[in-house]
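Student: Once you've had a glance at the structure underneath, I'll fire off some questions.
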Amino acid sequence: MKKDITMKKSTFVKGAFITTLGIVISKILGIVYVIPFHAVIGEKGGALYGYAYTIYLFFMSLSSAGIPLAISKIISEYQSLGYHNVKQRAFLMGKRMALLLGFVCFLLIMLFAPFLARAILGDVTGGNTIEDVTFVVRVIGTAILIVPLLSIYRGYFEGHRFMSPSSISQVVEQIVRVFIIIFGSFLAIKVFKLSLTSAVGIALFGATAGAIAAYLYLFVKRVKNKKKFNEKIRSVNEPIVSDKVILKKILIYAVPFIMIDLFKSLYNYIDMVTVVKGLVNHASYSAKDAEIVYGMLSTWSAKFNMIILSVSTGVVVSLIPNLAESVIKNKQKDVENKITQALGMLLFLTVPMTLGVSFLAKPIWTLFYGNSQYGPSVLSYYIFVGLFVGLFTAMVTTLQSLKDYKAVFTSLIVGVIVKLLLNTNLLIAFNKMHFPAYYGVITASILGYLVSFVVCLFILGLKYKINYEKVLKDFVEIMCASLLMIVVLFLLKFIIPISVSNRFLNIFIILVYMIVGMMVYFYYTYKTKTIKSIFGNRLFKKKK
C-alpha cells in the first residue's frame, strides 16, 4: 500500500524542521510578490495596504490568533490520555467558537472602519484619504470570516503531530493570495484603469481567497485520513467531561495566546496612529514622505521580518504539543531540555539571518523595490525587530504552556508600556540628535520586545529552575560565528561591491554573499560542535 507521506507523525526536532520549512516557503512567496506589487501600487499604495493589514492583524488576534495553538495543545493532551471522544468534541466546540468570533469581529470592522481611518490620519492631508482607508479596511475584513475556522483545522492537525498538512496549507494559502495580489492589482490599474484604492482593495481580498483555498485543502485532507485521526493510542475508560469543562479549557488556553498576538498587534497599532502624525508634526516630514516611511515599516520592510519570524513560528508550533506532553507526564528535566533546545535553535537560525539581511540591506532593497531615499536605512535597522519578536514569542508561549498566565501578562504589559512611552519621545530625540527620526520608533519596538523577553527568561529561571548555562555557551559561539561571517562579508566588499544601481545584478551579489556567509557560519559552528550541541547527534547519524 502506498504510504501517505504527508500524514506521518513528527518528533519535536523533525516537526520543527517540517513546520519551519513550510512557513519559510510561504513567507518567501510572501516576499517575492512584493517586487511586482510594489511596481504596481508604489509607496502611496504600500501605506494604504499597511493601514488595512495592521487593522486586520489586530482583529485576527481577537478572533483566531490563540486558537490553533490552544487547540493543538488540547488535542495533544487528550490524545496522550487516550480520550478520543473528548478530543473530537473539543474540535467541534473550537470550530463553533471560531465561527462566532470571526463573525463578531467582521461586524466590528464593517461598523468602525471610518472611525479607525480617522484615528490613523487625523488632520494630516496630502496623502491617502479617510474614505480610501475605510474602503480597504472593510475589504480585508472579509478574511476574518474564514481565517478562524482555518486556524482550528491547523491546530487539529498539529495536535496530532501531523505537521506536514498544516505546513502545506500555509503554502497553498500564500500561493492563492500572491496570485490575486499580483494579477489582481495589475489588471485593476494597467488593464481596467481602476483607482489605486480599488487595486489595493483587490490585493487585500487575496487574504480571503487564500484562506478559503487552505481551508478546503485541510478539510479534504481530514476526510481522506479520517481513520488516522480516529486511531486510539491506548484503551482507557474515558471519564465524563462536560461541554462546560471543555469550553473552559479552550478559553484558558486560547486567551493567553490571543493576548500574546493582541499585544504584538498593539505595537503595530501604536506605530499606525503615531508615526505619520509624529514625523509630520515633530520632524518636519511632508505627509507624502511620512506615509512612505510608514509604508516601509508596516509593509515593505516588514516582509523581510517575516522570514525571521517564520523560523520562530515553526519552532514554537512544534514545541507546544511536545512540551504539553512532558508537562502532563511531569518530566521536569524533559521540559527544561525542550525549552533550552528551542531557544538554542532560534538563536542559531535567526541571529546570522538578521545580521546578514542588515548587512545586505542596500542590494536587497534595490532588488525588490528599486532605489530609495529611506528604504535601505529602514531595513538595515528594522530587521532587528523581527529577531526580538521571534525570541519573545517563543519564550512567552513557553510560559503559557506552563500555565503561568500571570508571568505571560506581566511580560506583555511591560513591553507594550515601554513601546507606548518611548515611541514618540524617541522619535523626537533621534531627530534632535540628527539621526533618522524613524530610528526612534524602531528602537522603541526593539526595547519593548527585549524587556518582555528578559522578563520571560528571568521568570523561567526563577520559578522553573531553567538553567541557561548551555544556551549562553552556545550563544557565545553563535555570536562569534556571526561576527566572523560579517567580517568575511565586509572584506568581500573590496572584491565584489554591494552598492550597484542595476536591480537584477543585485541577485548575483546577494546570492554570492549569502553562500559565502552560510559557508563561513556553518563551517565555524560545525568545527566548534555548536550544531551538535543544539540539534543533537542524531541529526548527523544516517538511518540504516
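The values are calculated or read from the model by the stated rules, or taken from the named source; none is laboratory data. Nothing here was measured: the structure is a model prediction, and the numbers come from that model. Cβ placement follows ideal geometry from the backbone for every residue including glycine, while neighbour counts extend to all protein chains displayed.
Student: Which one of the conditions (1) over 26 Å from the mean Cα position of the chain (by Cα); (2) at pLDDT 95 or above does R89 fail to meet, given that it meets all the rest?
Tutor: (2) is the only condition that R89 fails.
Student: Something else now. Would you be able to say whether some residue in the range 420-431 is aromatic (F, W, Y) and farther than 30 Å from L251 by Cβ? Write out each step before concluding.
Tutor: Filtering the range 420-431 down to residues aromatic (F, W, Y) leaves 430.
Those still in the list that are farther than 30 Å from L251 by Cβ too: 430.
Yes.
Student: All but one of (1) of a type in the set (A, V, I, L, M); (2) surrounded by fewer than 24 Cβ atoms within 10 Å (Cβ to Cβ); (3) within 20 Å of the chain's Cα centre (by Cα) hold for I144; state the number of the condition that does not hold.
Tutor: Unmet condition: (2).
Student: A follow-up question, please. Check K432, K403, K362, K419 and return the single one that is among the basic types (K, R) and crowded, with 22+ Cβ neighbours inside 10 Å.
Tutor: K419
Student: Something else now. Go through (1) closer than 24 Å to V32 by Cα; (2) crowded, with 17+ Cβ neighbours inside 10 Å; (3) modelled with pLDDT of 90 or more and name the single condition V512 misses.
Tutor: Single failed check for V512: (2).
Yes or no, residue by residue, for (1) within 27 Å of E231 (Cβ to Cβ); (2) among the charged types (D, E, K, R); (3) part of a loop (DSSP other than H, G, I, E, B); (4) in contact with an Asp or Glu (Cβ under 8 Å, 6 or more places away or on another chain):
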{"position": "I74", "(1), (2), (3), (4)": "yes, no, no, no"}
{"position": "A90", "(1), (2), (3), (4)": "yes, no, no, no"}
{"position": "R96", "(1), (2), (3), (4)": "yes, yes, no, no"}
{"position": "F103", "(1), (2), (3), (4)": "no, no, no, no"}
{"position": "L116", "(1), (2), (3), (4)": "no, no, no, no"}
{"position": "G126", "(1), (2), (3), (4)": "no, no, yes, no"}
{"position": "V136", "(1), (2), (3), (4)": "no, no, no, no"}
{"position": "V139", "(1), (2), (3), (4)": "no, no, no, no"}
{"position": "G155", "(1), (2), (3), (4)": "yes, no, no, no"}
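Student: When the range 18-64 is examined, which residues are found to be modelled with pLDDT under 85, under 18 Å from G127 (Cβ atoms) and touching a helix residue (DSSP H, G or I) at 6+ places or on another chain (Cβ under 6 Å)?
Tutor: Scanning the range 18-64 gives a single hit, E43.
Student: Can you find a residue that is in a loop (DSSP other than H, G, I, E, B) and in contact with a Pro (Cβ under 9 Å, 6 or more places away or on another chain) anywhere in the range 374-381?
Tutor: Yes; the residues of the range 374-381 include at least one that is in a loop (DSSP other than H, G, I, E, B) and in contact with a Pro (Cβ under 9 Å, 6 or more places away or on another chain).
Student: Based on this model, can you work out whether I189 counts as assigned to a helix (DSSP H, G or I), out of contact with any strand residue (DSSP E or B) (no Cβ under 9 Å at 6 or more places or on another chain) and either more than 20 Å from Y51 (Cβ to Cβ) or of a type in the set (A, V, I, L, M) (or both)?
Tutor: For I189, the condition - assigned to a helix (DSSP H, G or I), out of contact with any strand residue (DSSP E or B) (no Cβ under 9 Å at 6 or more places or on another chain) and either more than 20 Å from Y51 (Cβ to Cβ) or of a type in the set (A, V, I, L, M) (or both) - is met.
Student: Look at the range 178-212 and say how many of its residues are among the charged types (D, E, K, R) and in contact (Cβ under 8 Å) with a residue 40 or more places away in the chain.
Tutor: Residues that pass the stated criteria total 1.
Student: Quick one: which of S265, S284 is out of contact with any Pro (no Cβ under 7 Å at 6 or more places or on another chain), among the polar types (S, T, N, Q) and crowded, with 19+ Cβ neighbours inside 10 Å?
Tutor: None of the other options fit; the residue is S265.
Student: I've got another one for you. Considering only the range 400-417, I want to know if a residue exists there that is at pLDDT below 90, closer than 23 Å to F504 by Cβ and of a type in the set (S, T, Y).
Tutor: No, there is no match, as no residue in the range 400-417 is at pLDDT below 90, closer than 23 Å to F504 by Cβ and of a type in the set (S, T, Y).
Student: In addition: From the list I498, I534, which residue is touching a helix residue (DSSP H, G or I) at 6+ places or on another chain (Cβ under 7 Å), surrounded by 12 or more Cβ atoms within 10 Å (Cβ to Cβ) and part of a helix (DSSP H, G or I)?
Tutor: The unique qualifying residue is I534.
Student: Can you list residue pairs whose Cβ atoms sit under 7 Å apart, with the first residue in the range 423-438 being closer than 10 Å to A283 by Cα and the second being of a type in the set (S, T, N, Q)? Count only pairs 6 or more apart in sequence or on different chains.
Tutor: Qualifying pairs under 7 Å: P436/S377; A437/N431.
Student: Look at A143 and say whether it is over 17 Å from Y217 (Cβ atoms) and either in a helix (DSSP H, G or I) or of a type in the set (D, E, K, R) (or both).
Tutor: The answer is no for A143.
Yes/no matrix, rows are residues, columns are (1) under 18 Å from L101 (Cα atoms); (2) part of a helix (DSSP H, G or I); (3) among the hydrophobic types (A, V, I, L, M, F, W, C); (4) in contact with a Ser or Thr (Cβ under 7 Å, 6 or more places away or on another chain):
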| position | (1), (2), (3), (4) |
| --- | --- |
| F183 | no, yes, yes, no |
| S198 | no, yes, no, no |
| I212 | yes, yes, yes, no |
| E238 | no, no, no, no |
| L247 | yes, yes, yes, no |
| I252 | yes, yes, yes, no |
| S265 | yes, yes, no, yes |
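Student: Tell me which of these L111 doesn't satisfy, since it passes every other one: (1) out of contact with any helix residue (DSSP H, G or I) (no Cβ under 9 Å at 6 or more places or on another chain); (2) in contact (Cβ under 8 Å) with a residue 24 or more places away in the chain.
Tutor: Here L111 meets the rest and fails (2).
Student: With L457, L472 as the choices, which residue is part of a helix (DSSP H, G or I) and closer than 23 Å to V416 by Cα?
Tutor: On inspection, the qualifying residue turns out to be L457.
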